[in-house]
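*Asks:* Okay, here's the structure, questions in a sec.
None of the figures in this text is laboratory data; all of them are computed from the coordinates on show. Fair warning: this is a prediction, and the values are worked out from it, not measured in the lab. Cβ sites come from the backbone with ideal geometry, for glycine too, and all protein chains shown count toward neighbours.
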């Protein structure tokens, strides 16, 4: 996979016109664009279709976590929209993961979120989990892959512990050197993430909030090519 194809840009913008303008700018400069909950709820499924018509592949990051029947219906609709990736929560369990995978064609890759990159150990304890984040992420990743998920979404810091588990690796919480961390607790640089085993890296604010998003994306691609 060439370096450009490894970069997913998170189109986390509330204004539809601004979001679509950015998507147009990034055509040919990134491998995929991410449509998350904010944009999907604000603008609906037609937004995915419009971005697809531009020529982008779409990572539909909805983090589905529901009963198996509903998760399957969501996967079927994401497939119908032409999304390339769809997230669900590994914590939804084996039946939910199986149902989602069986409902969609192979062109839609189902990737399971293990532990959100906004968590640190204390936050993880607060919601009732015991043990370290790495162990929990490994267990959830194994469960997801064993039950049909094509890959996982995880912090780069969990990649080494997941090396014995197959599948794709989508890594958020990636920041170019010198960029602020924002609300992410566990972050790495683009080159570090790829060298640690990421299939794709997800970058948002360092590109989206740049005065020159195309140049910001190109800088990341160049970093990957040098790594």
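*Asks:* Arranged from highest to lowest average of other beta-carbon atoms within 10 Å per residue, in what order do the peptides 60-66, 139-145 appear? Present the calculation step by step, with values, prior to reporting the outcome.
*Replies:* Values: 60-66: 20.1, 139-145: 21.7.
In decreasing order of mean packing, 60-66, 139-145 become 139-145, 60-66.
*Asks:* So how much slack lies between residue 65 and residue 163, counting 0.36 nm per residue of separation and subtracting their Cα-Cα distance, in nm?
*Replies:* Details: separation 98, 0.36 × 98 = 35.28 nm, distance 2.52 nm.
Result: 32.8 nm gained on full extension.
*Asks:* To continue, here is another question. Any idea what the relative contact order of the chain is, in percent, if you count C-alpha pairs under 8 Å spaced at least 6 apart? Mind showing how you got there, number by number?
*Replies:* Working: 447 pairs, mean separation 43.3, N = 227.
RCO, the chain: 19 percent.
*Asks:* Also, I was wondering about something else. For a quick check, take a GNM of the chain with Cα springs below 10 Å and name the residue from 215, 90, 23 with the largest mean-square fluctuation.
*Replies:* 215
*Asks:* Can you give me the distance in nm between label points at residue 95 and residue 227, each placed 7 Å from the Cα along the Cα-to-Cβ direction?
*Replies:* For residue 95 paired with residue 227, the spin-label model returns 4.0 nm.
*Asks:* Points 7 angstrom from Cα along the Cβ direction at residue 80 and residue 106: gap in nanometres?
*Replies:* Calculated label separation equals 2.4 nm.
*Asks:* Something else now. Need the full-extension length gain, residue 21 to residue 118, defined as separation in residues times 0.36 nm minus the C-alpha distance. One decimal, nm. List each step's numbers first, then the result.
*Replies:* Working: separation 97, 0.36 × 97 = 34.92 nm, distance 2.83 nm.
Length difference between fully extended and current span is 32.1 nm.
*Asks:* Under 10 Å, Cα contacts only: if you run a Gaussian network model on the chain, which one of 197, 28, 173 comes out with the highest mean-square fluctuation?
*Replies:* Highest fluctuation of the listed residues: 28.
*Asks:* Only Cα pairs within less than 10 Å get springs; with that Gaussian network setup on the chain, which residue of 202, 153, 214 has the largest fluctuation?
*Replies:* Maximum fluctuation in the GNM of the chain, among the listed residues, is at 214.
*Asks:* Expressed as a whole percent, how much of the Cα-Cα distance distribution for the chain exceeds 31 Å? Provide the component values of the computation, followed by the final result.
*Replies:* On the way: 4122 of 25651 pairs.
Counting every Cα pair in the chain, those more than 31 Å apart make up 16 percent.
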